[in-house]
1. Provide the per-residue ³J(HN,Hα) series for region 181-190, in order, calculated from phi with Karplus coefficients 6.51, -1.76, 1.60 and θ = phi - 60°, each as a whole number of Hz, with x at glycine and proline positions.
2. Round to the nearest 10 and report in Å² the accessible area of THR181, as given by a 1.4 Å probe over the protein chains' heavy atoms.
3. So how exposed is ILE219, as accessible area in Å² (1.4 Å probe, rounded to 10)?
4. For region 25-140, just say rounded, prolate or oblate: build the C-alpha gyration tensor, square-root its eigenvalues into a ≥ b ≥ c, call rounded for a/c under 1.5, and beyond that prolate if a/b exceeds b/c, oblate if not.
5. For GLN10 and MET203, what is the calculated FRET efficiency with R₀ set at 30 Å and r taken between the beta-carbons, to the nearest 0.05?
6. Of the candidates ARG211, ARG112, ARG71, which one comes out as most mobile in a Gaussian network treatment of the chain with C-alpha springs shorter than 10 Å?
7. For a quick check, take a GNM of the chain with Cα springs below 10 Å and name the residue from ASP157, ASP35, ASP217 with the largest mean-square fluctuation.
8. Give me the 1.4 Å probe accessible area per residue for the chain, excluding ligands and nucleic acids, in Å².
Amino acid sequence: MDGNGRWAKQRYMPRIAGHKRGVDALRATVKACIDRGIHVLSVFAFSSENWNRPQDEVSGLMELLGMALSREVPKLHEQGVQLHFPGDRSKLNPRVAEGLCRAETHTSGNQRLVLNVCFNYGGRWDICQAATKVHANGLPLTEASLSEHMALAHVSDPDLFIRTGGEMRVSNFLLWQMAYTEFYFSDVLWPDFGQSELDAALMAYQNRERRFGRTSDQILSERPDSDKE
Ligand code: IPE
Ligand code: MG
């Protein structure tokens, strides 16, 4: 969810005002996903590297997480959203970490949309913590055993990755899980993201041919006749 700072700067507002508008954009995007029958949405809210930002921005983001938790969780629960907060909680304020656990437990029975809010998450951290668990459990290190211990083991690998804000990089997001994910880059700053931007990304996705290493002819010959033009 990139571009909050620039969105605020363009309006001569403090960066945190952009982050606050980012929460609004996320709320709208969750609703749009539910309306479109999308079952899983994973967002990158705070990366392992975001601690390197100025102290006041980091504390502002932590405060915003706490505020968003108390304001948004009841509404998300009503909408049937199952919440998860993949990431390293050991460095978070214990009260906030406790709030994340409570929100997860409270919404665990919901089935309409799984929302993963990755917080203090890093793709490399995830691979290392999964490997550590595999090792601690005395299991052989395989693709399957590692996958089962990743922080997003409760959902399948993402079909589509959307990065806003004009940047064309992964920035240590879901490194393991995005082996065959389709990438979509948008210049729109995250606070301006919404239904129409999501639809543009979905339209682009629909025109991709997912071959998973195979040839185009193989994919075409296996499509049901009703799908062939
Ligand atoms: C949000 O956008 C990302 C977060 C870490 C919350 P940015 O804060 O990176 O916004 P820009 O890139 O400065 O515009
Ligand atoms: Mg940025």
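The values are calculated or read from the model by the stated rules, or taken from the named source; none is laboratory data. Just so we're clear, the structure is a prediction, and the values are computed from it rather than from any experiment. Positions of Cβ are generated from backbone atoms using ideal geometry, with glycine treated the same way; all protein chains shown enter the neighbour counts. Areas reflect the complete protein model, heavy atoms only, side chains present, ligands, DNA and RNA absent. Shrake-Rupley method; radii C 1.70, N 1.55, O 1.52, S 1.80 Å.
1. Result, ordered by residue: 7, 7, 9, 9, 10, 10, 7, 4, 6, 3 Hz.
2. Surface open to solvent at THR181 totals about 10 Å².
3. 30
4. oblate
5. So the FRET efficiency works out to roughly 0.65.
6. Highest fluctuation of the listed residues: ARG211.
7. ASP217
8. About 57 Å² of surface per residue is accessible.
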